Structures are given as C-alpha cells and as structure tokens.
Amino acid sequence: MESKSFPGVVDSLDELRAYVGELSQKAGLAKKATYSLKLAIDEIATNIILYGYEKVGLVADFKVLSEITDQELIVILEDEAAAFDPLAREIPDEEDLTMALEDREIGGLGIFLTIKGVDDFSYEYVDGKNRNTFVMNVIKP
Amino acid sequence: MAFKIETVIEEQTARMTLHGELDSLSARVFMTEIEKLSGQPIEVLVLDMEDLDFMSSAGLRVLIFSKQKIGTHLAIYIVKPQELIVDTLEKTGLHHSVTIVDQYPV
C-alpha cells in the first residue's frame, strides 16, 4: 500500500484533493468518479481535522493509504483522533432533503455525500486509530 | 486552485463571482461575504459559479445560512454551475430552493 501523511489542518485539504486526483488518474477513474471520491474524502478529512483534531487541540498528521487493483481503487484515511464512526450519526432522509432552505438543519450533508458518492464506504477503529475506507470500482474500457 | 470571490452590490441585488475550489477553509471567506449582506435590503443573490471547480458540503451550508441570515424572501440564482456541482445540488435537494440559470438577468 502507498502511504502519504498530511498535517491535520484545513490548509491540507487542497493538497489532499490534488493527491486523490493523482491516485484516481493512476487508477483510470472517470471524471465524475474522481470528483465524487475527492468530495467524499474531503468531507471525512474535514470532520477529522475540525472535530477530531482542532476542537480538542490535538496537533497530529493524518495518513492516506491507497491501493490500486485491477478492479478497485481503495483509499484509507487513518487518523489519531478519538474514536468516531461517521456512519453512527443520523443521515438526512428524503424528507430532510426536500425541506426549504430556511427550515433546514445545517448538518449531516457531508456524510450523506460521502456515502452517495463512493461504491463502498466503511469505518473501523483499529490499534487506537480511526480508519475510514473508500472504495471506487475501476471500470476497464 | 485558490478560492477567490468578488462581490458587486447594485440596488437590491448582490452578485458574487466564485473561482477555484470551495471547501471548509474557503467557505469561511464565502460566509464572511454573506454576513456583510446581513441588514442590507438585499432581495436577490446571484452566484456566478462558472469558474468554481469544486464545492463541498461546507459551501452548501453557506447557501443554507444565506437564506436563514438574509431572509426567507431572498431569491438565489446560481449562474452556470459545472455539471458535477449541479449533481451535488440535486443529490442534496438544494436545487429546489435555488434557481439554476445560464445567465442573469434571465
């Protein structure tokens, strides 16, 4: 697996998306799939940085692990924040998504876009680390 | 790509042109621009997104915030958003609350 570390600050997001773009290109993902993966990883990384690190004053890096196979691009975000399962929170349902803007709650959209955008998303807490795993299917021409 | 925003206010219309990528860092800049409109008699917010290449949920939250902060009467027009940004607006249902157009005035 390839590995790259990023400082756990919001300024890293730009570079993180560029790196995900490079991995997607190597894997041969189409433009739309690349964008969806960038968006999903940006959303989860933002939560790690803002709530896992900055809010509690934790200064640490987070890691991006990746593997390209014939069928898949697998990207894992690994961080040192307290255990947090993004799938445990309530995700907006159909009723929330059709609500007028003025009546909307401002939360949950990030994880919703993550789940909708990738072929598989999973979470585990292993050896004191959060591991968020994103899988994109590679469609060979 | 670095985020940039330019705001022009003419009578009751605020027009903002967004460039680059809108993530949780740049959304703070967008939010500050929206906050400046608060208390002004703005009826229409025009967001020119032709040169915006990326928008995360942080950008969507500013759209929600703008309606809640400026007022429910506010009409929001999004001009020429890129296809993948339209996709995000549609997935999250926000396209019901804004008007997507090719140019403004329509």
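The values are calculated or read from the model by the stated rules, or taken from the named source; none is laboratory data. In this text, all values refer to a predicted model and were calculated from it rather than measured experimentally. Glycine gets a Cβ as well: all are built from the backbone with ideal geometry, and neighbour counts include every protein chain shown. Note: accessible area is taken over every heavy atom of the protein model, side chains too, but ligands, DNA and RNA are not part of it. Shrake-Rupley method; radii C 1.70, N 1.55, O 1.52, S 1.80 Å.
Scanning region A:1-29 for residues that are aliphatic (A, V, I, L, M), within 11 Å of chain B (Cβ to nearest Cβ) and not in a helix (DSSP H, G or I) turns up A:VAL9, A:VAL10.
Of the listed requirements (1) over 13 Å from the mean Cα position of the chain (by Cα); (2) within 12 Å of chain A (Cβ to nearest Cβ); (3) open to solvent by 20 Å² or more (accessible area, probe 1.4 Å), B:GLY71 misses just one: (3).
One residue stands out in region B:78-91 among those that are touching a Lys or Arg at 6+ places or on another chain (Cβ under 9 Å) and not aliphatic (A, V, I, L, M): the one that is nearest to the other protein chains (Cβ to nearest Cβ), namely B:LYS91. Applying a threshold of 7 Å to beta carbon distances and a minimum spacing of six or more residues, or different chains, the list of pairs starting in region A:109-135 at a residue that is of a type in the set (Lys, Arg) and ending at one that is at pLDDT below 95 reads A:LYS116/B:LYS91.
The residues in region B:27-55 that are in contact with a strand residue (DSSP E or B) (Cβ under 7 Å, 6 or more places away or on another chain) and under 22 Å from A:ALA45 (Cβ atoms) can be counted, and the count is 6. Summed over region B:26-46, residues that are outside any helix (DSSP H, G or I) and either open to solvent by 60 Å² or more (accessible area, probe 1.4 Å) or touching a residue at least 40 places away in the same chain (Cβ under 8 Å) (or both) total 5.
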